[in-house]
Amino acid sequence: MQPPMLQASVVRRAAAEDIGGFRQGLYSRDDTDFFFRIGIGRPICAVNGIGTVMSDDADQRLGERSARKSSNYWLASERMYRSLLGHPSLGPDDRRTVRRRLAGSHLRLAAMRWREHHPRAAVTSAWRAFRIDARNSAAAIVVSTRTRFTRH
């Protein structure tokens, strides 16, 4: 499923004002954060087949691939998911999903920090992931470690 695109969206002004509009400082996650917050506790509608045609001007914009390689992307994800956990209208199933994604953001940061030769920061991020979602984080760490050591 294609994620919502701001360029092809229509949002009532009152709904955007109710959630405080766009939050500053989330770098590449501001539109995702906006859509999550606008969709919690209120009806939304996606219409299949209506959208925006975008060109791939690699020189003009950062794509999803490059953003995911940045620690700023995962730090912004961590802030976004942590904030969503505090939303009073988030149901139990959605809360579990957000916790898993929050832990995943910490695991991504741990891997990046390890590759950048910052072992203390890597262990801290891995520990945070484990505290948030112990079962899935432990499994991800075991799989990642096994994969890395069996490749060499």
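Only the coordinates and a few stated rules stand behind these numbers; no lab work does. For clarity, every value in this text was computed on a predicted model and none was experimentally measured. Virtual Cβ from ideal backbone geometry, glycine too; neighbours counted across all protein chains shown.
Compute the signed sum of charges (Lys and Arg +1, Asp and Glu -1) over the other residues within less than 9 Å, Cβ to Cβ, of A122.
Local charge sum for A122: +2.
By how many nm would the segment from N48 to V10 lengthen if fully extended, with 0.36 nm per residue of separation less the alpha-carbon distance?
Here the segment from N48 to V10 would lengthen by 12.3 nm.
Between K69 and R115, what is 0.36 nm times their sequence separation minus the Cα-Cα distance? Round to one decimal in nm.
Residue separation times 0.36 nm, minus the Cα-Cα distance, leaves 15.4 nm.
Can you check what the net charge comes to around I19, using other residues whose Cβ is under 12 Å from the Cβ of I19 (Lys, Arg +1; Asp, Glu -1)?
Summing Lys/Arg as +1 and Asp/Glu as -1 gives +2.
Would you mind counting up the charge near L6? Only other residues with Cβ under 10 Å from its Cβ, with Lys and Arg at +1 and Asp and Glu at -1.
In short, -2.
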